[in-house]
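These notes are about the structure you will find just below.
The values are calculated or read from the model by the stated rules, or taken from the named source; none is laboratory data. Quick caveat, the model's predicted, so the values are computed rather than measured. Positions of Cβ are generated from backbone atoms using ideal geometry, with glycine treated the same way; all protein chains shown enter the neighbour counts.
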């Protein structure tokens, strides 16, 4: 066996011969390094959950794996590289769920995006493969709203909610990351060839499985930990009692990510798992992208466009008005009618100078307009919240 192998090649060897997310191997890498781990395993050392993998020339195996990845249009990224996603470090001290855990040995990447994009706001949007039209529409709308705010959406490219989330953010020109349970060069499911090609063009397709690898159940479980670890928040749109999306939510909770759930109809079996998670306080109820953006803002990120005032839905132009301004605005006619300053002052029981100052503020906020013959209210998107006691001048 070759005595020397560098850390980067050693990690490529581990990717090629060891199943993703095997906790004992990940722990050994953290303790002694990748090169020493390869020397031990290639010499026949056994670790829990792994059969002996003797290899007379691990350096040649690693070189062949890296060459194959390059031939298939993939990039190899591992710890120590400038673009390595730092959030994955949280897996070092993370749990073991379904016999999977630990920091990945490396990642295979396909696409035009740079991994550095994962250092900004990233949200995972996941859910049922057997989604409903309601779930698909909701996931797509949330992803699109996040994309418009400059948030990257990560998901697993599966049928149902995952695909809807990817399509939603791609539709607004946003960046998405598809994390696969097979090789990053393998379009799985096959029906998502076009979707994965678009994801690669506008973002990244990522996997810790070697080039050409096929998906397996344990690889899906290992994949879920990466989706949760890469994100600052995990949103589950639809999930039944036994949905794999709940495994991603569990990883999110264990890794101290913000965990969010979108409620569905109380009669829908597709949302029973989400409802249970909300009831057990494993997820906070959200209803749209604005709520998710607000959750990110609460983490201390820079304010994001369209963030909601928590629990009140989309921000409105009238939210910052005081009671006096709300009263004056409600008294103004709409449409072609108008009212003079004295008329508004009498109805509001305020002096004319105060009303004039308020009207100037409303004009600057584009809530009122001086027509020359009087003042009128301009159309607004949402009803007022506030004073309701005055009569409107007509």
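Which residue is nearest to residue 377 (Cα to Cα), if the candidates are limited to the stretch 321-332 and must be buried (at least 18 other Cβ atoms within 10 Å of the Cβ) and without any contact (Cβ under 8 Å) to a residue 60 or more places away in the chain? The qualifying residue nearest to residue 377 (Cα to Cα) is 329. For the stretch 2-38, the tally of residues that are at negative phi, in contact with a helix residue (DSSP H, G or I) (Cβ under 6 Å, 6 or more places away or on another chain) and part of a loop (DSSP other than H, G, I, E, B) stands at 4.
Would you confirm whether or not the stretch 202-209 contains a residue that is closer than 25 Å to residue 119 by Cβ, modelled with pLDDT under 95 and surrounded by fewer than 24 Cβ atoms within 10 Å (Cβ to Cβ)? Walk me through it before giving the result.
Going residue by residue through the stretch 202-209, those that are closer than 25 Å to residue 119 by Cβ are 202-209.
Those still in the list that are modelled with pLDDT under 95 too: 202-203.
Going one step further and asking which of them are surrounded by fewer than 24 Cβ atoms within 10 Å (Cβ to Cβ), we end up with 202.
Yes, the stretch 202-209 contains at least one residue that is closer than 25 Å to residue 119 by Cβ, modelled with pLDDT under 95 and surrounded by fewer than 24 Cβ atoms within 10 Å (Cβ to Cβ).
Tell me, please, whether a residue that is part of a loop (DSSP other than H, G, I, E, B), more than 18 Å from the chain's Cα centre (by Cα) and either touching a residue at least 24 places away in the same chain (Cβ under 8 Å) or surrounded by 24 or more Cβ atoms within 10 Å (Cβ to Cβ) (or both) can be found in the stretch 154-171. No, every residue in the stretch 154-171 fails to be part of a loop (DSSP other than H, G, I, E, B), more than 18 Å from the chain's Cα centre (by Cα) and either touching a residue at least 24 places away in the same chain (Cβ under 8 Å) or surrounded by 24 or more Cβ atoms within 10 Å (Cβ to Cβ) (or both).
Could you tell me how many of the residues in the stretch 192-206 are in contact with a helix residue (DSSP H, G or I) (Cβ under 8 Å, 6 or more places away or on another chain) and part of a helix (DSSP H, G or I)? Show your work before the answer.
Keep residues of the stretch 192-206 that are in contact with a helix residue (DSSP H, G or I) (Cβ under 8 Å, 6 or more places away or on another chain), which gives 192, 195, 198-199, 202-206.
Cutting the leftovers down to part of a helix (DSSP H, G or I) gives us 192, 195, 198-199, 202.
Residues that pass the stated criteria total 5.
Sub-8 Å Cβ pairs linking a first residue in the stretch 79-90 that is farther than 20 Å from residue 251 by Cα to a second residue that is part of a loop (DSSP other than H, G, I, E, B) and at pLDDT 95 or above, at least 6 apart or interchain, are 79/103; 79/106, ordered by first then second residue.
Of the residues making up the stretch 298-320, just one is buried (at least 16 other Cβ atoms within 10 Å of the Cβ) and at pLDDT 70 or above, namely 318. Going through the stretch 333-370 one residue at a time, which ones are surrounded by 13 or more Cβ atoms within 10 Å (Cβ to Cβ) and not in a helix (DSSP H, G or I)? Scanning the stretch 333-370 gives 333, 334, 337, 338, 339, 340, 350, 365, 367, 368, 369, 370.
Tell me yes or no: at least one residue of the stretch 105-124 is at pLDDT 95 or above, over 19 Å from the mean Cα position of the chain (by Cα) and either surrounded by fewer than 21 Cβ atoms within 10 Å (Cβ to Cβ) or part of a helix (DSSP H, G or I) (or both). Looking through the stretch 105-124, none of the residues is at pLDDT 95 or above, over 19 Å from the mean Cα position of the chain (by Cα) and either surrounded by fewer than 21 Cβ atoms within 10 Å (Cβ to Cβ) or part of a helix (DSSP H, G or I) (or both). For residues that are touching a residue at least 60 places away in the same chain (Cβ under 8 Å) and farther than 17 Å from residue 98 by Cα, scanning just the stretch 19-36, find the one that is surrounded by the fewest Cβ atoms within 10 Å (Cβ to Cβ). By that ranking, first place goes to 30. Flag: residue 128 does not match the condition of being assigned by TED's automatic domain parsing to the domain that holds residue 211, under 15 Å from the mean Cα position of the chain (by Cα), buried (at least 22 other Cβ atoms within 10 Å of the Cβ) and at negative phi.
Surrounded by 18 or more Cβ atoms within 10 Å (Cβ to Cβ) and either under 31 Å from the mean Cα position of the chain (by Cα) or in a loop (DSSP other than H, G, I, E, B) (or both) - does that describe any residue in the stretch 54-64? Quick ask: steps written out before the conclusion?
If we filter the stretch 54-64 for residues that are surrounded by 18 or more Cβ atoms within 10 Å (Cβ to Cβ), which is where we start, we get 55, 58-59, 61-62.
Then keep just the ones that are either under 31 Å from the mean Cα position of the chain (by Cα) or in a loop (DSSP other than H, G, I, E, B) (or both); that gives 55.
Yes; the residues of the stretch 54-64 include at least one that is surrounded by 18 or more Cβ atoms within 10 Å (Cβ to Cβ) and either under 31 Å from the mean Cα position of the chain (by Cα) or in a loop (DSSP other than H, G, I, E, B) (or both).
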